[in-house]
Amino acid sequence: MLYKRRGAIIVSLGVFSTKSNDFKTTIGGSALIEGIMMRGPTKSAIAVRGKDGLVIKEETFTPLKDKYPILGWPVIRGVVGFGVSMSAAMKALTYSAEVSGIEESESKFDKWLTEKFGETAVMKFITGFAMVLGVALAVALFIVLPAFLAGLYVNHIGELGGWRAAFEGGIRLLLFFLYILLVSRMSDMKRVFAYHGAEHKTIHCYEAGDELTLENVRKHSRFHPRCGTSFLLMVMLIGVVAFIWVSNPNLFVRVGLKLLMLPLVAGLSYEVNRWLGRSDGLPARIIRAPGLWMQKLTTREPDDGMIEIGIEAFTRVVPAEDGADKW
């Protein structure tokens, strides 16, 4: 199969191309359990090192903005893109856990569900439940808890006045950093974060116009400005500013208003990240620096086998049309 990009021809696991340092791709990925998912403009591919060797799963899709143009408008596209990416990542993670052999044991309840509703329905339920649980935990940890702690401070120590939103934002950023730090120390996550590094290195290599070989990918950076870690940190930072306008003393009202504002915050964060991903100027480098620092925790240097997985997944989602994946 052949792919072209700016004079480049991608063949199987190699890219033969001219150097193009200004090219930024919309292709992104997600680290999985013993694998990587890459998602292009119209294709997604999962490559997992399973129990019996390499397993590849490819899918084609039609972007929602092609069906409903309004979903491609600024700010709105960020909210939609975040939801789609989260759903795709959760499905891919569940699939990789199954293929890699981590979920070999099946309880009686699992067997009953499969027999009663079918494997596809059960998988959709598990993925949906995991997404809902993940969102609920994120809301509890990063919105409810900071608001509650700020309320305790006001009730027992002293008034914060106009600094209350900033105080809550500081707590939120601290909790986010501690959460990432704790997760990065988990032994099971170290390999996942190494696959995350392989994903970034592969994308960097392609954007640089280098041939997609093991040697070339290996030399590229594991830090990428358009990483999901950077996006989440941007959501936190923009949230600090946006939530200044939420000053109701009632905890439940304050949390409710912030939840209503969250889609707007996510959409604005996407637009800022989009600009940061296109620009290499000094202001952009300064703003994206904290996100790159955070990636020191969420990425690790991959081994050669992980890089090969990244190349395998990436080459399957590059569009045939030259420039169709331009950021």
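The set of residues from region 231-273 being under 14 Å from ILE287 (Cα atoms) and in contact with a helix residue (DSSP H, G or I) (Cβ under 7 Å, 6 or more places away or on another chain) comprises PHE231, LEU233, MET234, VAL235, MET236, ILE238, SER269, TYR270, GLU271, VAL272, ASN273. I'm checking my understanding of the structure. Among residues of region 209-230 that are of a type in the set (Gly, Ala, Ser) and part of a loop (DSSP other than H, G, I, E, B), which one is surrounded by the fewest Cβ atoms within 10 Å (Cβ to Cβ)? Applying the filter and picking the extreme gives SER221. Applying the criterion of at least 3 residues that are of a type in the set (A, V, I, L, M, F, W, C) and at pLDDT below 90 to the strands (runs of 3 or more DSSP E) found wholly in region 1-96 leaves 8-11. Looking across region 44-75, the residues that are open to solvent by 60 Å² or more (accessible area, probe 1.4 Å), in contact (Cβ under 8 Å) with a residue 24 or more places away in the chain and not acidic (Asp, Glu) come down to ARG49, LYS51, LEU54, LYS57, PRO74.
Pairs are defined by a Cβ separation below 8 Å, a sequence spacing of at least 6 or placement on different chains, a first member in region 138-153 that is under 12 Å from PHE167 (Cα atoms), and a second member that is part of a helix (DSSP H, G or I) and modelled with pLDDT under 85; the pairs so defined are ALA147/LEU251; PHE148/LEU251; ALA150/ARG164; GLY151/LEU251. Consider region 231-247. How many of its residues are open to solvent by 60 Å² or more (accessible area, probe 1.4 Å) and within 15 Å of PHE148 (Cα to Cα)? Count: 1.
The values are calculated or read from the model by the stated rules, or taken from the named source; none is laboratory data. In this text, all values refer to a predicted model and were calculated from it rather than measured experimentally. Glycine gets a Cβ as well: all are built from the backbone with ideal geometry, and neighbour counts include every protein chain shown. Only protein heavy atoms, including side chains, enter the accessible area calculation; ligands, DNA and RNA are left aside. Shrake-Rupley method; radii C 1.70, N 1.55, O 1.52, S 1.80 Å.
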